[in-house]
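Data first, discussion second: the structure below is written as structure tokens.
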Amino acid sequence: MAANQENGARSVNSRLENLRNLAPVERLARVAEATALGDADRQVFERGGLPLTLANGMIENVIGTFELPIGIATNFTVNGKDYLVPMAVEEPSVVAAASYMARLARVGGGFITSSTGPVMRAQIQVLNITDPHGARARILAERDAIIAAANAKDKVLIGLGGGCKDVEVHVFDDTPIGPMMIAHLIVDVRDAMGANTVNTMAETVAPLIEKITGGVVRLRILSNFADLRLARAMVRLSPETLKTSEYEGERIARGIVEACAFAIVDPYRAATHNKGIMNGIDPVVVATGNDWRAIEAGAHAWAARNGRYTSLTKWEIDTSGHLVGTLELPMALGLVGGATKTHPAAQAALKILGVTSAQELAEVTTAVGLAQNMAALRALATEGIQRGHMALHARNIAIVAGAVGDEIETVAAELAAHHDVRVDRAKELLETMRAGKA
Ligand SMILES: CC(C)(COP(=O)([O-])OP(=O)([O-])OC[C@H]1O[C@@H](n2cnc3c(N)ncnc32)[C@H](O)[C@@H]1OP(=O)([O-])[O-])[C@@H](O)C(=O)NCCC(=O)NCCSC(=O)C[C@@](C)(O)CC(=O)[O-]
Ligand SMILES: NC(=O)C1=CN([C@@H]2O[C@H](COP(=O)(O)OP(=O)(O)OC[C@H]3O[C@@H](n4cnc5c(N)ncnc54)[C@H](OP(=O)(O)O)[C@@H]3O)[C@@H](O)[C@H]2O)C=CC1
């Protein structure tokens with residue numbers, strides 16, 4: 001079904017059946033039709049996303065560009081709206097897994113999400129003070145003047161309803177270099193990721209902070225522990241939806257809850273469990289031109305916020321026997337700023353996604369993280385990860401072994417069918433195939 005663009009609102013049907021069986025060019029046509037993607041944006045994907053001239057303006061000492069595949073996760077419904085989700089990632093089975101869980105979730109209405117406002121913290125480190133608590137009191141007494149100074153320069157952000165909203169002070173009485181006072185600017189960055197925005201504010205108010213405290217300011221930089229900028233996703237599935245030909249739905253639900261309990265108590269497992277969540281989140285962050293290091297830093301800081309590294313998700317069974325999954329984490333994503341506007345593929349990806357605010361982007365991305373975690377736990381708690389993952393990884397192995405063109409699918413299918421996904425086996429198969437043709 002084509003996108004409905006009436007009144008600026010867009011409605012997409014994300015259940016693009018059979019997309020997996022099309023050639024990439026046919027898939028692009030189908031996605032473009034479904035999302036009413038214009039010719040210029042389509043061409044971005046056909047030709048390769050980033051011209052060298054633009055790349056050269058983005059970072060230093062550019063010698064070329066580095067490409068990743070971009071796939072579309074289908075079936076997502078978030079807060080009653082369908083999304084086709086662009087994911088830029090090198091790992092097989094990630095896009096398939098997200099699409100699969102989104103297909104199951106949509107039976108019960110999809111994902112429910114919410115978020116806080118787009119609020120970031122900038123930190124200003126103040127040294128050489130013998131009375132850090134007195135300095136704290138002086139800063140808080142001058143709160144309004146500090147906010148006014150921070151907001152003096154960024155007229156665009158203020159015009160959009162954003163800007164510095166508050167000042168917090170954290171005192172560390174005992175550090176390796178003596179007492180330290182850290183002032184935080186609490187800034188609503190609207191649709192930006194906000195790092196440059198808040199860094200500029202922190203540098204602007206630093207002389208005022210020195211004057212008020214009598215100390216010396218050193219670092220003036222945002223915190224990637226964006227604990228005031230949280231996104232949340234929730235999903236609820238019936239056992240009937242979860243069941244497969246091999247496993248009862250109740251068994252799968254219980255297996256997912258047990259797997260999550262393992263990650264809640266054991267940091268060795270939590271690291272892998274959370275990596276599985278980031279398997280869903282990072283590809284959307286990359287595809288939309290956002291800063292994935294910032295998202296990773298925020299996620300893991302949040303996972304360790306109570307002093308012990310733990311699971312980012314929670315999986316439970318409610319009183320009616322439904323599986324309920326939740327994910328909450330910092331999600332500092334922008335629709336403007338950074339590379340989001342510079343990179344043509346990021347712009348085209350945002351059009352496919354059809355989000356209209358940074359908060360909406362953060363919420364959809366969090367729903368993808370939750371779906372990805374569910375896929376991994378469902379597989380791990382039942383048949384194991386290797387069947388589904390290695391079957392799709394087999395194409396990679398075939399390429400490593402030297403397969404080209406049609407040989408890739410043929411060799412991969414043979415490897416997967418015998419659950420023997422190894423490069424040396426792929427080479428043997430190739431030799432046999434080529435000898436047979438010669
Ligand atoms: C891989 C699947 C989905 C196969 O699962 P399956 O049961 O073989 O799939 P299926 O053929 O029955 O298809 C079911 C749906 O999956 C999707 N799907 C299925 N195949 C494709 C494909 N080729 N291309 C596109 N979409 C695909 C698609 O949505 C399809 O529905 P349809 O739309 O066809 O009605 C499943 O085994 C799975 O979800 N496995 C988990 C995979 C995973 O988690 N991968 C991440 C990499 S492993 C890792 O790094 C993380 C980890 C595991 O360590 C994290 C942790 O430990 O927690
Ligand atoms: N630790 C970290 O994570 C760090 C990350 N970075 C990098 O910073 C970049 C992101 O910074 P960011 O501040 O988002 O980028 P930009 O400075 O590029 O963009 C933000 C600016 O865009 C303007 N703007 C226009 N429309 C809007 C809108 N709707 N909402 C909000 N602002 C709007 C604002 O004002 P105006 O037009 O007046 O500029 C705002 O200050 C990323 O590239 C990131 O990698 C940098 C330093 C550290």
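The values are calculated or read from the model by the stated rules, or taken from the named source; none is laboratory data. This is a predicted model, so every value here is computed, not measured. Note that we place each Cβ from the backbone using ideal geometry, even for glycine, and neighbour counts take in every protein chain shown. These area figures cover heavy atoms from the full protein model, side chains too; ligands, DNA and RNA do not enter into them. Shrake-Rupley method; radii C 1.70, N 1.55, O 1.52, S 1.80 Å.
Annotations for the structure displayed:
- Verdict on residue 185 being surrounded by fewer than 20 Cβ atoms within 10 Å (Cβ to Cβ) and not basic (Lys, Arg): no
- A single member of 121, 106 is assigned to a strand (DSSP E or B), over 16 Å from the mean Cα position of the chain (by Cα) and at pLDDT 95 or above, and it is 121.
- Remark: pairs (first residue in region 379-399, farther than 21 Å from residue 242 by Cα and of a type outside the set (D, E, K, R); second residue near ligand 1 (Cβ under 7 Å from one of its atoms) and not in a loop (DSSP other than H, G, I, E, B); Cβ separation under 8 Å; 6+ apart in sequence or on different chains) = 392/96.
- Residue list for region 282-319, filter: in contact with a strand residue (DSSP E or B) (Cβ under 9 Å, 6 or more places away or on another chain) and hydroxyl-bearing (Ser, Thr, Tyr): 288, 313
- Considering only residues in region 206-228 that are of a type in the set (Val, Ile, Thr) and touching a strand residue (DSSP E or B) at 6+ places or on another chain (Cβ under 7 Å), the one that is nearest to residue 138 (Cα to Cα) turns out to be 213.
- Residue within region 368-376 that is among the polar types (S, T, N, Q), within 22 Å of the chain's Cα centre (by Cα) and either at pLDDT below 95 or assigned by the TED database to the domain that holds residue 245 (or both) present: yes
- Counting only residues that are open to solvent by 10 Å² or more (accessible area, probe 1.4 Å), more than 16 Å from residue 77 (Cβ to Cβ) and not basic (Lys, Arg), region 342-371 holds 9 of them.
- Test: residue 317 is buried (at least 24 other Cβ atoms within 10 Å of the Cβ) and modelled with pLDDT of 95 or more: no
- Scan of region 268-294 for residues that are part of a helix (DSSP H, G or I), within 14 Å of ligand 2 (Cβ to nearest atom) and among the β-branched types (Val, Ile, Thr), ordered by number: 285, 286
- Here residue 329 meets the list (1) away from ligand 1 (no atom under 16 Å from the Cβ); (2) assigned by the TED database to the domain that holds residue 237 almost entirely, failing just condition (1).
- Restricting attention to region 327-340 and to residues that are open to solvent by 40 Å² or more (accessible area, probe 1.4 Å) and at pLDDT 90 or above, the residue that is farthest from ligand 2 (Cβ to nearest atom) turns out to be 328.
- Selection count where residues are assigned to a strand (DSSP E or B), over 14 Å from residue 265 (Cβ atoms) and not hydroxyl-bearing (Ser, Thr, Tyr), scope region 295-331: 9
- Matching residues, region 234-257, being of a type in the set (A, V, I, L, M) and either without any contact (Cβ under 8 Å) to a residue 60 or more places away in the chain or over 13 Å from residue 377 (Cβ atoms) (or both): 234
- Of all residues making up region 51-72, the number that are part of a loop (DSSP other than H, G, I, E, B), free of Cβ contacts under 8 Å to residues at least 40 places away in the same chain and surrounded by 10 or more Cβ atoms within 10 Å (Cβ to Cβ): 4
- On inspection, residue 187 does not qualify as more than 23 Å from residue 299 (Cβ to Cβ) and either assigned by the TED database to the domain that holds residue 306 or more than 16 Å from ligand 1 (Cβ to nearest atom) (or both).
- Residue in region 206-217 that is closer than 30 Å to residue 342 by Cα, open to solvent by less than 20 Å² (accessible area, probe 1.4 Å) and modelled with pLDDT of 95 or more present: no
- Number of positions in region 81-103 that are open to solvent by less than 70 Å² (accessible area, probe 1.4 Å) and either at pLDDT below 95 or in a loop (DSSP other than H, G, I, E, B) (or both): 4
- Residue satisfying all of: in region 259-281; under 15 Å from residue 94 (Cβ atoms) and without any contact (Cβ under 8 Å) to a residue 12 or more places away in the chain; least open to solvent (accessible area, probe 1.4 Å) among these: 272
- Entirely in region 352-430, the helices (runs of 4 or more DSSP H) that have 2 or more residues that are out of contact with any Ser or Thr (no Cβ under 6 Å at 6 or more places or on another chain) and of a type in the set (S, T, N, Q): 358-380, 386-400
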